[in-house]
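The values are calculated or read from the model by the stated rules, or taken from the named source; none is laboratory data. Nothing here was measured: the structure is a model prediction, and the numbers come from that model. Cβ placement follows ideal geometry from the backbone for every residue including glycine, while neighbour counts extend to all protein chains displayed.
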Amino acid sequence: MRDPAGATVLVGGLTGGKVIIRHRLIPELVGRRRKGVCPRGVPADRAARPRVVPNRARAGPGLHSYGWSTARGHRALLPSSALPTIPVGTGRAGATGRRPAERPYTTGGRPRVGGVTKHLVTGATGFLGSAIVLELLDRHPYDTVTCLIRGSAEGLTTHLWNCAAAYGRAGLGEHFASRVATITADVTDPRSLERITGRFDAVWHSAGSLRWDEQAREQTTAVNLGGTANMVALARRCQAQDFTYLSTAYVAGSTGRPAPEVPAAAQAARSPYEASKIGAEAVVLAAEGPRCRILRPSIVVGHSLTQAAPGTRAGFYGVVEILRRTARRGDPGPALLDFRDDAVTNMVPIDTVAREAVDLHQAKAFGIFHLTHPEPIGSQDAVLAIAEALGLPEPAFGTPTRPRDLAMRRYLDPFLRMVNHGGNRFERRNTDQHVQPIGHPVLGRRQARELAAWYLAQAG
Ligand SMILES: NC(=O)c1ccc[n+]([C@@H]2O[C@H](COP(=O)([O-])OP(=O)(O)OC[C@H]3O[C@@H](n4cnc5c(N)ncnc54)[C@H](OP(=O)(O)O)[C@@H]3O)[C@@H](O)[C@H]2O)c1
């Protein structure tokens, strides 16, 4: 098949009878139903089922891979040549020694053995929680999702619509009315949680505070630690068998060696945020009742194909925001920023996080799992990419002395404490045992610039 630019393309997911490719950005592929040719040249209507086409693993030089589509045809299809992937075999799949063909990508389509799962999700109005809701709706078409929210149901629906559209999955909107319910409560308020009755099979706890600063210590602790203890108690009361807690990879500390997926030491905390997440992990690990998994994403950034990161200003986007504000003040000359040349920043796209989170749930895998990138970007490269997106003069790196640079250093301090060393590497042994070995999109300087540009275009 040829793509719009005339290049030969390799298209996955065309072998299933139900696959409909609908992505508007590739008009030549729209509506191609059962007309594609699977990678081995078998006519689509004779092949049995959707299959994984690992990006780049099968695409040789001159070939572009378009990823894959699900049986429901909701997944965005864009040339992954725009965002190449770590070749399977050198990234995480290589670490486990598994070949992609051994673990076909599984999608929804019919109820799984054991029937329909009732999920309760906190943080669905946020960045990670909403992506998990969408992934569950897409992959498990018979499951229902109840979102524990503080605001209005309309606010949640708007957010989910925005996210689905931004990730190229607008088709999921048709499920919101019938499969998404809301409960109003606050995770820090046990009385509001006591009103929740009934049974849930799986609880996903993604509500949290991302405030790093000392002034917010009390609030951060109340939401992250107190809120998690309350949610564990609620999960037990609702007889949930499966509890997922969204922690952060940065609790694993920075020893210079890849951090293993083991409980974090309290003394590793570099901020009130990390202290609250370490405390919450301990609560989850000690929980009686549901079986628990702790997911530790690194710095979560926008969708690997559309760059969209609706509604977040955390992590990478916090740095974009600081540089943007500085740029607006119009100080002349390049900034001098205190990022070490051996420092790395571990960033992972939101779609990878959501996919791996649901993979782990689906595999009934419990324990601690790093949802991190096997190849972190250099921190200086990430900053240079942001400056490029802002059209700023290329920053220099060193110890700041000018008032403007010292002010930026102060703002960047929480981020620098996290990333300003070479130790942000994380083992993924537990994770790689259970997730689909699809490979990670490359997150280099070009991709970081595109992520920053998406954010700046939205911010206006
Ligand atoms: N973003 C990242 O890069 C990243 C990386 C690693 C780990 N994490 C972890 O992932 C989780 C989600 O992060 P995120 O980026 O999605 O955060 P986010 O976009 O700021 O969303 C936070 C969510 O938590 C909800 N929430 C906060 N306090 C609450 C309370 N007292 N009761 C009920 N809901 C409450 C918010 O609801 P409202 O809309 O009502 O405020 C919102 O839905 C957090 O635990 C975070 O530590 C995030």
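Some observations on this one:
- Helices (runs of 4 or more DSSP H) fully within segment 151-218 counting 2 or more residues that are closer than 23 Å to residue 244 by Cα, among the aliphatic types (A, V, I, L, M) and modelled with pLDDT of 95 or more: 153-166
- Residue match in segment 284-298 (condition: in contact with a helix residue (DSSP H, G or I) (Cβ under 8 Å, 6 or more places away or on another chain), under 26 Å from residue 218 (Cα atoms) and assigned to a helix (DSSP H, G or I)): yes
- Qualifying positions in segment 158-195 - closer than 29 Å to residue 305 by Cβ, away from the ligand (no atom under 13 Å from the Cβ) and touching a strand residue (DSSP E or B) at 6+ places or on another chain (Cβ under 8 Å): 179, 180
- In segment 323-354, the residues that are in a helix (DSSP H, G or I) and surrounded by fewer than 18 Cβ atoms within 10 Å (Cβ to Cβ): 325, 327, 328, 329
- Set 235, 240: member being outside any loop (DSSP other than H, G, I, E, B), surrounded by 19 or more Cβ atoms within 10 Å (Cβ to Cβ) and more than 9 Å from the ligand (Cβ to nearest atom): 235
- For the residues 331, 351, 359, 341, the requirement of being out of contact with any Pro (no Cβ under 9 Å at 6 or more places or on another chain), in the same structural domain as residue 204 (by TED's automatic domain parsing) and among the charged types (D, E, K, R) singles out 359.
- Selection count where residues are of a type in the set (Asp, Glu) and either without any contact (Cβ under 8 Å) to a residue 12 or more places away in the chain or within 10 Å of residue 229 (Cβ to Cβ) (or both), scope segment 268-289: 0
- Test: residue in segment 99-109 that is within 13 Å of the ligand (Cβ to nearest atom) and either closer than 21 Å to residue 363 by Cα or at pLDDT 50 or above (or both): no
- Residue 259 vs. criteria among the hydrophobic types (A, V, I, L, M, F, W, C), within 12 Å of the ligand (Cβ to nearest atom) and under 21 Å from the mean Cα position of the chain (by Cα): no
- Within segment 116-133, at least one residue is more than 24 Å from the chain's Cα centre (by Cα) and at pLDDT below 95.
- Segment 205-216, subset of a type outside the set (D, E, K, R) and more than 10 Å from the ligand (Cβ to nearest atom), residue surrounded by the most Cβ atoms within 10 Å (Cβ to Cβ): 212
- For the residues 222, 177, the requirement of being in the same structural domain as residue 353 (by TED's automatic domain parsing) and closer than 25 Å to residue 294 by Cβ singles out 222.
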